[in-house]
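What follows is a set of notes on a single structure, which appears directly below.
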Amino acid sequence: MSASTISSPRVVVPGSEKTNVPDSHAVGPSPGDERLEVTIRLRPKTSLQSLASTSALDDLLPQERTYLSREAYTAEHGADPQDIAKVEAFAQAHSLKVVEVSAARRSVVLAGTVATMSAAFGVSLQQVEHPGGTYRGRTGAVTVPADLADIVEGVFGLDDRPQAKPHFVRSRSTAVAPAQANGSFTPTQLAKLYNFPAGLDGTGQCIALIELDGGFRPADIKTYFTGLGLPVPHVKAIRVDGGKNHPTTPEGPDGEVMLDIEVAAAVAPKATIAVYFAPNTSQGFLDAVTTALHDRANKPSVISISWGNPESKWTLQSMQQLDQAFQTAAALGVTICVASGDNGAGDGETDGRAHVDFPASSSFALACGGTKLTASGNTITKEAVWNSPRGATGGGVSDTFPLPGYQASAPVPPSANPGGHIGRGVPDVAGDADPATGYHVRVDGQNFVIGGTSAVAPLWAGLVALMNQKLKKPVGFLNPLLYGSLAGKNLFLDITAGNNGAYSAKAGWDACTGWGSPKGADLLKALGG
C-alpha cells in the first residue's frame with residue numbers, strides 16, 4: 001500500500017458504531033503506548049448466498065444433506081488471499097504487526113499500540129469507568145481506507161468492554177440431596193426423564209463449549225463423575241486471544257464453566273469436551289466461535305454457548321459476524337446450541353420494552369429456553385414455563401433478525417413492542433432451567449444446585465452428540481427440520497402453561513419454550529428416517 005493510500009478517503013465500517021455503556025464516563029485517553037491486538041474480519045471469497053443454497057440448510061434429514069468439510073469450506077468460502085494481502089499492506093503502512101492470518105476464519109489479527117491503532121482505524125480510545133470496572137472504550141464508528149471498504153466486514157478489539165453475561169442462576173440451597181429429594185436433578189436423571197436414547201455415550205464426538213471467563217479444576221471433574229458412576233470425561237482447555245482456564249471462586253463464572261462441562265459430559269460421557277476460553281469481549285466471543293468451528297484437530301460436531309446479552313448491547317457488526325459464523329456452522333454440519341437468557345421477555349433491560357438475547361436470536365442458532373420441571377420417579381408430572389422470583393426464560397421476537405423462512409408457518413407473534421413487527425422468534429426448544437428444580441453440579445470443591453437456560457444449551461448439546469453418534473452423520477442445523485417436516489410429530493413435550501412476562505405458552509410453538517422439551521429417543525428416530 002502506497003503512502004498516498006494512508007491519506008486516501010476513509011469509509012465507515014458498517015455497523016461498527018458504539019456508545020458508552022450506561023452510567024459510565026471517560027476518565028481520560030488510553031495510554032498511547034498500551035499494546036493491543038485487533039481482529040479484522042474479511043469478506044468471504046464467494047458470496048454467502050452460495051453458502052445459503054447448500055442442502056445443509058434445507059428441510060432434509062441428516063442422511064440426505066451434504067455438508068462441507070472444513071477444508072472445502074476454506075477453499076470455497078474462506079478469505080481471498082488477495083484481500084489478505086491488502087490488509088497486510090495496510091498494516092505495514094500503519095506500523096502494525098500481523099500476528100495471525102486465517103483464511104478459514106476470514107480473520108487477520110494485527111498488533112500495535114493505542115496510538116498506531118487509533119490512527120489506523122480513525123478512533124479515539126478512552127479509559128472508561130462504569131459500575132463493573134474500567135474498560136478501554138470508543139464511541140462512534142471505525143473507519144478504513146476506501147480501498148478496503150468492500151473487504152473489511154468488521155473490526156474487533158479496539159474496545160474491550162465486557163460483552164456478555166453467563167446465563168446461570170444458583171439455587172438458594174447449596175445442599176445437594178439424593179435423587180430428586182429436594183426437587184433438583186442430576187443431568188443423568190434429566191436425560192432419563194427426557195427419554196434420551198439409551199446405549200449411547202457420545203463416543204467419537206466432540207462437544208465445544210464457549211467460555212468467556214472462569215475455569216475448571218480437574219479434581220472437581222473427577223469427584224463429580226466418580227460420584228455419578230460415570231467415566232471421567234476427556235476435557236481439553238483451548239486458549240483463544242490469551243484466554244485460559246483460570247478457576248476463581250464458586251461465586252464467579254466458574255459456575256458457568258462447570259455447569260456446562262458437567263451437564264454435557266454427563267449426557268455424553270465418552271465425548272471429548274473442548275473448552276474454548278477467550279476474553280469476555282466482542283473480539284473474544286467471535287474468535288472463540290470461529291476457532292472452534294475451524295478446529296481441524298478436535299472437529300466439534302456441536303457447540304454449546306451459555307453466554308449472551310440483549311440485542312441492544314451489541315454492535316450490528318458483532319451480530320452480523322457471529323450470525324455468519326453460525327451459518328458457516330450449518331454448512332459444516334455443526335449444531336449451535338445457545339441459551340436464550342434468564343431475565344424473561346425484557347432480558348434484563350430497564351427500558352420497559354421486550355428484548356431477546358443474542359446470540360440465541362441468530363437465525364442459525366438452536367435457541368434453548370427454560371422450564372420448571374416436576375417429576376415422580378422416572379415420570380414428569382408437570383412442566384411449565386420457568387418464571388420465578390429468581391428469573392425467567394428469555395424469549396420473544398428479534399428486533400434485528402427478520403423472520404427466517406423456516407418459521408414462515410410458525411405462529412410467531414407480533415413483537416410486544418410498539419409497532420408489533422414480526423421477526424425471528426425465540427426460542428426453538430426448551431428444557432429444565434428453574435434453579436428450584438435445577439442441576440446438581442460441583443464447583444471449586446463445593447456442591448450446588450444451579451439452573452438457568454445456561455444448563456439447557458449443554459443438555460441439548462449432549463443430546464445432539466448422542467444422535468450424531470448413532471446416525472454416524474451430524475444432525476447439523478436442526479431448525480428447518482423442527483419447523484418443517486418434523487413439526488407436529490409429537491417429538492416434544494409441549495409446554496402450555498406459564499409466561500415469561502410479555503409472551504405466554506400455548507399449544508405448539510410459543511415464544512417462551514419454542515416447541516417444548518425433548519423426547520430424545522423419538523427425535524433421534526425421526527431424524528434417522
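The values are calculated or read from the model by the stated rules, or taken from the named source; none is laboratory data. Since this is a predicted model, take the numbers as computed values, not measurements. A quick note on method: Cβ atoms are made from the backbone with ideal geometry, for glycine too, and the neighbour counts reach across all protein chains shown. Just so you know, the surface numbers come from the protein's heavy atoms only, side chains and all, with ligands and any DNA or RNA stripped out. Shrake-Rupley method; radii C 1.70, N 1.55, O 1.52, S 1.80 Å.
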Grab the alpha carbons of the range 280-437, take their convex hull, and tell me the volume per residue in Å³. 142
What's the ranking of 391-399, 326-334 by average number of surrounding C-beta atoms within 10 Å, highest first? 391-399, 326-334
How many nm separate the modelled label positions at Thr139 and Lys525, each set 7 Å beyond the Cα in the direction of the Cβ? 6.1
Reviewing [x] 238; [y] 133; [z] 208, the figure for volume of the Cα convex hull per residue in Å³ actually calculated from this model sits under [y]
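Using the per-residue mean of other Cβ atoms lying within 10 Å as a proxy for protection, in what order, highest first, do the peptides 47-60, 232-245, 359-372 fall?
By packing density, highest mean first, the sequence is 359-372, 232-245, 47-60.
Accessible area per residue for the range 474-529 in Å², computed with a 1.4 Å probe and the full protein assembly in place, what is it?
Working: 1850 Å² over 56 residues.
Counting only protein heavy atoms, the per-residue value for the range 474-529 is 33 Å².
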Provide the packing ranking of 273-282, 253-262, 112-121, 132-141, i.e. peptides ordered by the mean count of other C-beta atoms within 10 Å per residue, highest first. 253-262, 273-282, 112-121, 132-141
Over the range 89-201, the quotient of the Cα radius of gyration and 2.2 N^0.38 Å is 1.80
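What part of the accessible area of the range 180-237, given as a whole %, is carbon or sulfur when the probe is 1.4 angstrom?
Values: 1250 of 2340 Å².
Of all accessible area on the range 180-237, carbon and sulfur atoms account for 54 percent.
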In Å², rounded to a whole number, the accessible area per residue of the range 416-464 with probe 1.4 Å is 17
Straight-distance crosslink candidates among lysines, where the alpha carbon sits under 29 Å from Lys86 and sequence neighbours closer than 8 are dropped: Lys18, Lys45, Lys97
Report, to one decimal in Å, the Kirkwood hydrodynamic radius for the range 167-313 based on all distinct Cα pairs. 16.1
Report, in degrees rounded to the nearest 10, the 0 to 90 angle that the Cα long axis of helix 81-93 makes with the longest principal axis of the chain. 60
Report, in deg cm²/dmol and to the nearest 500, the calculated mean residue ellipticity at 222 nm for the chain, where each DSSP H run with n ≥ 4 adds -39500 (n - 2.57) and the sum is divided by the residue count. -7000 deg cm²/dmol
How much of the accessible area of the range 356-450, in percent, comes from carbon and sulfur atoms when a 1.4 Å probe is used? 52
Where both residues lie in the chain, what percent of DSSP beta bridges are antiparallel, nearest 5? 65
Sulfur and carbon atoms: percent of accessible area, the range 78-133 [1.4 Å]: 49
Output the antiparallel fraction of DSSP beta bridges having both residues in the range 294-438, as a percent to the nearest 5. 50
With angles folded into 0 to 90 degrees, how steeply does helix 282-293 sit against the dominant principal axis of the chain? Use alpha carbons for both and round to 10. 60
Residue farthest toward the positive end of the dipole of the chain, with Cβ of Lys/Arg at +1 and Asp/Glu at -1: which of Ala360, Ser282, Ala268? Ala268
Among the lysines, select those whose C-alpha is under 26 Å from the C-alpha of Lys489, and discard any that sit fewer than 8 residues away in the same chain. Lys192, Lys372, Lys382, Lys470, Lys472, Lys473, Lys506, Lys519, Lys525
Net lengthening on full extension, Asp23/Lys222 (0.36 nm per residue, minus Cα-Cα): 67.3 nm
Over the range 4-43, with neighbouring protein chains present, the accessible area per residue in Å² at probe 1.4 Å is 57
Residues Thr203 and Thr350, FRET efficiency given R0 of 45 Å [Cβ-Cβ distance, rounded to 0.05]: 0.45
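In nm², what is the average projected area of the convex hull enclosing the Cα atoms of the range 402-529? Before the final figure, lay out each step's value.
Values: hull surface 38.5 nm².
Over all viewing directions, the range 402-529 projects a mean Cα-hull area of 9.6 nm².
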